[in-house]
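Accompanying notes for the structure given below.
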Amino acid sequence: MPRIVDVLVVEDDEILRTSLTEILRGAGYSVSEARDGLGALESLRSMAVRVMVLDIAMPRLDGLKVLDELGECPPVVVMTAREYDTEIMSRRSKVALYLQKPVPPENLLEAVAQALVPVGGEAGR
């Protein structure tokens, strides 16, 4: 049986990734980390993820390509310094929420909680 985590944080900036992970763990979420898109895909193959927080601009495999590679996927919270553009919009069926960097901690927690809410249900951990 695969390991289950609440949130997979995919961010190439180590300081930001660590900060996001600490914020989420502080709120009681189980969190796993990946430093790029290839790491994200590996993590998604080896564990059950309830929500993915995904940076767009990353080396090796960026967030847009990760979205393209995903079939069934957990809700995705996209996080980027970019404006919400046509490249992101074309993948909106896989994007639950969009956050523009820098992301205040309360916005991150609200987005993850919202992404965890099943349609017509209440959030749960």
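Below, the figures for the structure above:
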{"quantity": "Unmet requirement for E110, which otherwise passes all of (1) surrounded by fewer than 19 Cβ atoms within 10 Å (Cβ to Cβ); (2) within 11 Å of the chain's Cα centre (by Cα)", "calculated": "(2)"}
{"quantity": "Condition met for V31 (touching a helix residue (DSSP H, G or I) at 6+ places or on another chain (Cβ under 6 Å) and either touching a residue at least 12 places away in the same chain (Cβ under 8 Å) or of a type in the set (F, W, Y) (or both))", "calculated": "yes"}
{"quantity": "Residue check, E122 at pLDDT below 95 and either of a type in the set (D, E, K, R) or under 18 Å from A34 (Cα atoms) (or both)", "calculated": "yes"}
{"quantity": "Any hit, the range 82-92, residues being more than 19 Å from I15 (Cα to Cα), touching a residue at least 12 places away in the same chain (Cβ under 8 Å) and among the acidic types (D, E)", "calculated": "yes"}
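Each row is one residue, and each column tells you yes or no for (1) under 20 Å from K101 (Cβ atoms); (2) at pLDDT 95 or above; (3) aliphatic (A, V, I, L, M).
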| residue | (1), (2), (3) |
| --- | --- |
| V31 | yes, yes, yes |
| L64 | yes, no, yes |
| E69 | no, no, no |
| P74 | no, no, no |
| V77 | yes, yes, yes |
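The values are calculated or read from the model by the stated rules, or taken from the named source; none is laboratory data. Please read all numbers here as calculations on a predicted model, not as lab measurements. Cβ: placed from backbone, ideal geometry, glycine included. Neighbour counts: every protein chain shown.
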